[in-house]
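Q: First the structure, which I've put down as structure tokens, then a few questions once you've had a look.
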Amino acid sequence: MKHFALALAAALLAAGLLTPPLLAQAQTIDAGAVVKERCTVCHDTKRICRMLGARDRQGWFETATRMVKNGARVNPAEVEAVASHLAKLPKGDPSLCK
Ligand code: HEC
């Protein structure tokens with residue numbers, strides 16, 4: 001019975017029907033990509049660039065949280081990652097502001 005359950009779990013895993021939650025959580029978030037792809041849906045990066053270097057992590061956390069209320073499709077883990085990322089970028093960072 002135990003073997004059957006294991007075999008079933010293995011089969012489901014192989015079929016991609018069972019996503020191991022730990023694996024999903026361990027996935028690293030590419031905060032730079034999130035900003036480029038999802039923080040530019042409503043406005044361009046100029047709005048963000050204007051505030052680089054002027055806001056700490058808490059400030060960016062609050063900004064990103066407000067953007068979620070505005071309608072940004074960024075999940076809570078991504079909000080954290082984006083806040084840490086933006087707090088570290090220098091004013092006029094070329095990867096974001098060119
Ligand atoms: C659904 C649309 C939308 C998305 C997506 C969006 N924003 Fe905004 N953003 C707005 C609106 C509307 C304003 C102006 C009103 C305000 O400040 O809340 C704004 C203003 C801003 C400002 C200028 C105001 C300030 O606080 O300095 C910054 C910076 C900003 N957004 C950053 C971001 C970041 C970072 C993301 C991604 C996490 C993002 N935005 C995604 C709609 C959006």
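The values are calculated or read from the model by the stated rules, or taken from the named source; none is laboratory data. Computed from a predicted model, the values in this text were never measured in an experiment. Counting neighbours? That spans all protein chains shown, and the Cβs are built from the backbone with ideal geometry, glycine included.
Q: Quick check on region 29-49. Is at least one of its residues at pLDDT below 75, in a helix (DSSP H, G or I) and either among the basic types (K, R) or surrounded by fewer than 17 Cβ atoms within 10 Å (Cβ to Cβ) (or both)?
A: Taking every residue of region 29-49 in turn, none turns out to be at pLDDT below 75, in a helix (DSSP H, G or I) and either among the basic types (K, R) or surrounded by fewer than 17 Cβ atoms within 10 Å (Cβ to Cβ) (or both).
Q: Shifting gears a bit: From the residues in region 39-64 that are closer than 17 Å to I29 by Cα and either more than 9 Å from the ligand (Cβ to nearest atom) or among the β-branched types (V, I, T) (or both), which one is farthest from the chain's Cα centre (by Cα)?
A: Among them, the one singled out is R57.
Q: Can you confirm whether region 58-72 contains a residue that is among the charged types (D, E, K, R) and either part of a loop (DSSP other than H, G, I, E, B) or buried (at least 17 other Cβ atoms within 10 Å of the Cβ) (or both)?
A: no
Q: Looking only at region 82-98, count how many residues are in a loop (DSSP other than H, G, I, E, B) and either buried (at least 16 other Cβ atoms within 10 Å of the Cβ) or of a type in the set (S, T, N, Q) (or both).
A: Going through region 82-98 one residue at a time, the tally reaches 2.
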